[in-house]
Amino acid sequence: MIQVIYRQLASKIPYLGLVILLTFSTSLNAQEGDISKGKALFNTNCASCHNLDRVMTGPALRNVQARLEEDQGLDREWLNKWIRNSADLISSGDAYANKIYNEYSQTPMNAFAALSDQDITDILAFTAVDPCELNPQSSPDCPGYVKPEGGEVSQAEGISNKLILGALAVLFALLAMALVLVRRTLNRFAEEKGIEAATKDKSLPIWKAFVQNQFLVLVTAIFFLLASAYFVYGYLSQIGVDQGYEPVQPIHFSHRIHAGENGVDCKYCHSSSRVSKTSGIPSLNICMNCHKSVFEVSPETQQQGLAEFNKDYNAEIQKLYDAVGWDGQNYTGESKPVRWVRIHNLPDFAYFNHSQHVTVAGVECQTCHGPVEEMEVVYQYSSLTMGWCINCHRETDVNVKDNAYYTKIHEQLSKKYGVDKLTVAQMGGLECGKCHY
C-alpha cells in the first residue's frame, strides 16, 4: 500500500481559507476607513480651507482620490505625499503639484506630517461618502428627503381660514336676505288684512331735548375735555418712543444663531462699545472672519429657518459675499455698501456713553437691549425714555469692588448719605447736565 503523506490536507483547507479571509477582511477594513473619524479629522484639519462640494481657499474634495486617479493617473502614494508635505512635492518639480499651487494663487497648504496612513484613509473615506448617506435631508435629490414644514402648511391654513371666513360671509348674507323677505311678507299680510302699521307720535327730537338740558350739556362737555386731554397726553408721550421697533434689514442676521447657539460675544462684533460712546456697526470684515470658511449653515438650521422664519440662511450669506466682493476664493474688489437700518436711536439732546456703562459700570448688554441671544430679528426691547433711565439710576447700586475709579468718591458720599452702598442717583446720576448738554 502506498502511504499518502498529505491525507489531512483536505481537512486543513477550510481553516487555511478562514485565516486568509480574516486577514483579507482586516486589510479591507483598514483601507476602507472610518467615516465618522474621517469627518472629525476633516473638520479639525481641512474644513478651514476646503469644502466637499465647493471651491474655497483650496479645491473641493468630494471624491478627490477617485478623481485624481481617473483624471490625472495619480495614485494614493502621491496623495499621501501631498497631504503630509505639499511644499516638498512642489519643490521637487512635480507637474500637477505646481499646477494646483499656481491655480490657487500660490497659497501654501499646511503640512500634516502627524497624520497616519489610517487617518488619511479615514479622511478620504469621508470625502467619498454619498452626502445623502450622511444626511437624507441634505438635498431634494436624496431619496429620504422630506420637504420642511412651513410653506405648504401655512398656505393650507391660510386657505382653510379663507374658506371659513367666506362661509361666514355667505351665511350672514343669507340671514340678511331672509330678514328682508320676512319683513316684506309681514307687510304684505298686513296690507291684505287692512292693518295699518303703527306710527310713533311726533315729539321733541332727542337732540333738542338734550340741548335744552343745560346740566347734561355741562357734564358731557367736561367728560369730552377730560377724555381728549387723556388721549392727547398719551399720544404726545409716545413721540420719539420706538419700543418694539423691528425693521427689516437688507441682510437677515440671526442674533439667535450667532449670539445664542454659537455663543458669539456681543462685544466681539460691537467692539467699540468698550471704549467709545457708540457701540458701532460691525464692518463686514468682522463677518468674513468666520464666513470666509462658513458659507452655509447646517441642513437642520436651514430647515428651521425656512419653516419657522421663512428665511433661506444660505441665501443671506450669499448677500454678504456679494456685498464684500467675495467669489468663494478671492476678493474681487467689487464691494457694495450694506444700508443697515438703525434700531436704537436717542434724541440728539440726550448723551449716552456705552463705554461708561459697559467698561466702567459693567452693565450687561441684555440690561438695555433685552435677551438678544433669543431674538431672530433684533428689536428695541426697552423704551429708552428719560423715566426709564432715571429709574435705573435710582435702583442700581454702583459696583465699587476692585474699582479704583470709585474708591475715593464712594468713601465720601457713603458717609454723607449714611449708607453702605451708593446708587447711581446718589453719585450724581440725576443731574441734568450728565445727560443733557
Selection over the stretch 361-379 where residues are open to solvent by 50 Å² or more (accessible area, probe 1.4 Å) and hydrophobic (A, V, I, L, M, F, W, C) yields a count of 0
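Would you confirm whether or not the stretch 187-198 contains a residue that is open to solvent by less than 90 Å² (accessible area, probe 1.4 Å), modelled with pLDDT under 85 and not in a helix (DSSP H, G or I)?
yes
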Would you check if there is a residue in the stretch 219-229 being without any contact (Cβ under 8 Å) to a residue 12 or more places away in the chain and part of a loop (DSSP other than H, G, I, E, B)?
no
Counting only residues in the stretch 382-437 that are among the small types (G, A, S) and farther than 19 Å from H369 by Cα, the one most open to solvent (accessible area, probe 1.4 Å) is identified as A404
Working only within the stretch 281-299, note down all residues that are in a helix (DSSP H, G or I) and touching a residue at least 60 places away in the same chain (Cβ under 8 Å).
P299
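Yes or no, residue by residue, for (1) at pLDDT below 85; (2) open to solvent by less than 60 Å² (accessible area, probe 1.4 Å); (3) basic (K, R):
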position	(1), (2), (3)
S25	yes, yes, no
N29	yes, no, no
R62	no, yes, yes
E77	no, no, no
N80	no, yes, no
R84	no, no, yes
D88	no, no, no
T107	yes, no, no
Out of all the residues in the stretch 314-345, which are under 20 Å from A47 (Cα atoms), hydroxyl-bearing (S, T, Y) and surrounded by fewer than 15 Cβ atoms within 10 Å (Cβ to Cβ)?
Y331
Looking at this structure, is V211 in contact with a Phe, Trp or Tyr (Cβ under 6 Å, 6 or more places away or on another chain), among the hydrophobic types (A, V, I, L, M, F, W, C) and at pLDDT below 95?
no
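The values are calculated or read from the model by the stated rules, or taken from the named source; none is laboratory data. Everything numeric here is computed off the predicted structure, so don't read it as measured data. Note: ideal-geometry Cβ built from the backbone for every residue, glycine included; neighbour counts use all protein chains shown. Quick note on the areas: whole protein, heavy atoms, side chains included, nothing else; ligands and nucleic acids left out. Shrake-Rupley method; radii C 1.70, N 1.55, O 1.52, S 1.80 Å.
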